[in-house]
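Working notes, beginning with the structure itself.
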Amino acid sequence: MEGDMATPVVEKEMQRPATGRRIDLFEKFPSLKAFAETRSFQFLLIFPNFVIFYLFMLTGIFGNPMGNQNITIIFIWILWWFLLIGVLVPLGSRLWCTMCPLPAPGEWLQRGAIIEKPDPEKPLGLNKPWPKRFKNIWFQNFGFLGLALFSVLLVTRPIVTVLVVGGIGVLATVLMLVYQRRAFCVYLCPVSGFQGLYAMFAPLALRAIDKGICKTHKGKKGCFFGAKQGDEKSYDAYPCPWFEYVGTMDRNNYCGLCMECLKSCQKDNISLFLRPFGSDIRIKGYDEAWKAFLMAVLAMVYSITLLGPYGTVKDWANVTWSGEVRGFLIYAGSVAALCLLIFPGVHLLFAWLSKLFSRAREIPLKKLFVGYSYVLVPFGLLAWIAFSLPLLMVNGSYILQVFSDPFGWGWDLFGTGHFPWTPFYPDAVPHLQVLILMIGLVFSIRKGYDVGRGLFQERGQVVRSLIPITAYLVIITAGFLVFFTA
């Protein structure tokens, strides 16, 4: 990532990224490439969501305050959430960022245009570079943790959802008039943070076709700086909103799939690929490692709080309903400590054991601590899917109700307003959750071996180092299994 308009630089790799066979989607589907190259590509994806988003704001404010009778709660926290965590991110990388309506008004104001690129371009706002000391995702980590502490309110009270989601949209607009490009999305948006982490797992990736061409290409890099009519490629395109230089980009973490680089690449050297799951295996620093810890812990916390039979925990979490202020402080403090201190400490212990077992004294403990945090990426994603699945299977019938009665006012627009609450095969939920978690465990161990190959020179060291890491993953999986099958 680059936080300003400086020339992009090549970053030193800490470990080998996984590689494998890839399929060039633009080569196979030229019409898809033609659509992605149009100036209206992103607008056509954003605009429907933009309209729906403001409908949800209206229903959240004026509709029924009961969550199961308001389309804002049902569509955002049951349907959208499952599609995001269960389909879009694991299969489509950051495809939601391509169509997200929240930063759109700010970006349109910043550019002074909605579709066509002005010539000459006169961006509005201060156009300041993002502060160098904050070029990380710590703000995203703390933002997501903060939302998680109030998760019960967020997913049950329409007005709370309006305030939070609407507030994110307002903040995005304001900051885009202060800082360059999509600094808000890259460094602040709490939804962007976990999408970036789990996008590493996705098979969809935008990459340079031949990085050698990028290296030998002299002069201004269109994919980073943008292009104008009359350049080698005749499309008007903006600089990469995400501060990415495709010539060295080897991870999905910070690519929003906006396709501006495709429009401006002078060498026509960018394409959209399908590759094996989990091809990106490089965690860069402590901020990304802590994101993996935080998401793994919160998958269990959400499961216990929202799905579990623990009434005391629910009362503590739902402080505005129960009035249990002391209980909420205990709940919030415990969750924060687990995410920020206890679980990372456990991970550090097993990283130290991995170093001990490997007998590789020359490998710094920090390298193992950060590198092996990747094993929580595939497992954490599958754990979130295991949590989200029962939300849809048990409460999915509410989608039909609120579709006909979005405000909860007794309407029946499409004849489904009185559809009864009908759980879909609830007895199958624990079995599916076990299956999903076991897939996550096996995949994480397998990818842990790939991480180890990038950390150690000898195969024996890799295998020995994986013994504690495998035990670590088995213990975590057992904890989830005990809860899901109890």
Of all residues in region 254-281, which are over 22 Å from the mean Cα position of the chain (by Cα), surrounded by fewer than 23 Cβ atoms within 10 Å (Cβ to Cβ) and among the charged types (D, E, K, R)? 267, 268
Out of region 419-475, which residues are among the hydroxyl-bearing types (Ser, Thr, Tyr) and part of a loop (DSSP other than H, G, I, E, B)? 422, 425
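Let's see how each residue does on (1) of a type outside the set (A, V, I, L, M); (2) farther than 30 Å from residue 393 by Cα:
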{"position": "66", "(1), (2)": "no, no"}
{"position": "72", "(1), (2)": "yes, no"}
{"position": "92", "(1), (2)": "yes, no"}
{"position": "95", "(1), (2)": "no, no"}
{"position": "98", "(1), (2)": "yes, no"}
{"position": "105", "(1), (2)": "yes, yes"}
{"position": "118", "(1), (2)": "yes, yes"}
Note on region 39-60: residues out of contact with any Phe, Trp or Tyr (no Cβ under 9 Å at 6 or more places or on another chain) and not in a helix (DSSP H, G or I) are 40
Every residue in region 234-251 that is at pLDDT below 85 and surrounded by fewer than 17 Cβ atoms within 10 Å (Cβ to Cβ), please. 234
Residue 83 fails exactly one of (1) under 23 Å from residue 41 (Cβ atoms); (2) touching a residue at least 40 places away in the same chain (Cβ under 8 Å), namely (2)
Filtered residue count, region 86-97, keeping only those that are surrounded by fewer than 19 Cβ atoms within 10 Å (Cβ to Cβ) and β-branched (Val, Ile, Thr): 1
Taking only region 437-454 into account, find how many residues are under 19 Å from residue 363 (Cβ atoms) and buried (at least 22 other Cβ atoms within 10 Å of the Cβ). 4
Residue 407 passes all but one of (1) in a helix (DSSP H, G or I); (2) in contact with a Phe, Trp or Tyr (Cβ under 8 Å, 6 or more places away or on another chain); (3) not hydroxyl-bearing (Ser, Thr, Tyr); which number fails? (1)
Is there a residue in region 53-66 that is of a type in the set (Ser, Thr, Tyr) and surrounded by fewer than 20 Cβ atoms within 10 Å (Cβ to Cβ)? yes
Restricting to region 450-482, what's the tally of residues that are more than 20 Å from residue 346 (Cα to Cα) and not aliphatic (A, V, I, L, M)? 9
Hey, residue 150 surrounded by fewer than 19 Cβ atoms within 10 Å (Cβ to Cβ) and of a type in the set (Phe, Trp, Tyr) or not: yes
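Rundown of residues vs (1) of a type in the set (Ser, Thr, Tyr); (2) surrounded by 13 or more Cβ atoms within 10 Å (Cβ to Cβ); (3) out of contact with any Leu (no Cβ under 8 Å at 6 or more places or on another chain); (4) closer than 30 Å to residue 392 by Cα, yes/no style:
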residue: 458; (1), (2), (3), (4): no, no, yes, no
residue: 464; (1), (2), (3), (4): no, yes, yes, no
residue: 468; (1), (2), (3), (4): no, yes, no, no
residue: 473; (1), (2), (3), (4): no, yes, no, yes
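Here's the yes/no breakdown for (1) in contact (Cβ under 8 Å) with a residue 60 or more places away in the chain; (2) of a type in the set (Ser, Thr, Tyr); (3) closer than 26 Å to residue 44 by Cβ:
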residue	(1), (2), (3)
258	yes, no, yes
261	no, no, yes
265	no, no, yes
269	yes, no, yes
273	yes, no, yes
296	yes, no, no
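Yes or no, residue by residue, for (1) of a type in the set (A, V, I, L, M, F, W, C); (2) crowded, with 16+ Cβ neighbours inside 10 Å; (3) part of a helix (DSSP H, G or I):
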| residue | (1), (2), (3) |
| --- | --- |
| 110 | no, yes, yes |
| 114 | yes, no, no |
| 118 | no, no, no |
| 124 | yes, no, no |
| 142 | yes, yes, yes |
| 145 | yes, yes, yes |
With (1) more than 25 Å from residue 250 (Cα to Cα); (2) assigned to a helix (DSSP H, G or I) as the list, and residue 85 as the residue in question, which single condition is left unmet? (1)
Which condition does residue 394 not pass, out of (1) crowded, with 18+ Cβ neighbours inside 10 Å; (2) without any contact (Cβ under 8 Å) to a residue 60 or more places away in the chain; (3) not in a helix (DSSP H, G or I), if it passes all the others? (3)
Quick check: is even one residue across region 184-196 touching a Phe, Trp or Tyr at 6+ places or on another chain (Cβ under 7 Å), assigned to a loop (DSSP other than H, G, I, E, B), in the same structural domain as residue 129 (by TED's automatic domain parsing) and not hydroxyl-bearing (Ser, Thr, Tyr)? yes
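The values are calculated or read from the model by the stated rules, or taken from the named source; none is laboratory data. Small disclaimer: the values here were computed from a predicted structure and weren't measured. Counting neighbours? That spans all protein chains shown, and the Cβs are built from the backbone with ideal geometry, glycine included.
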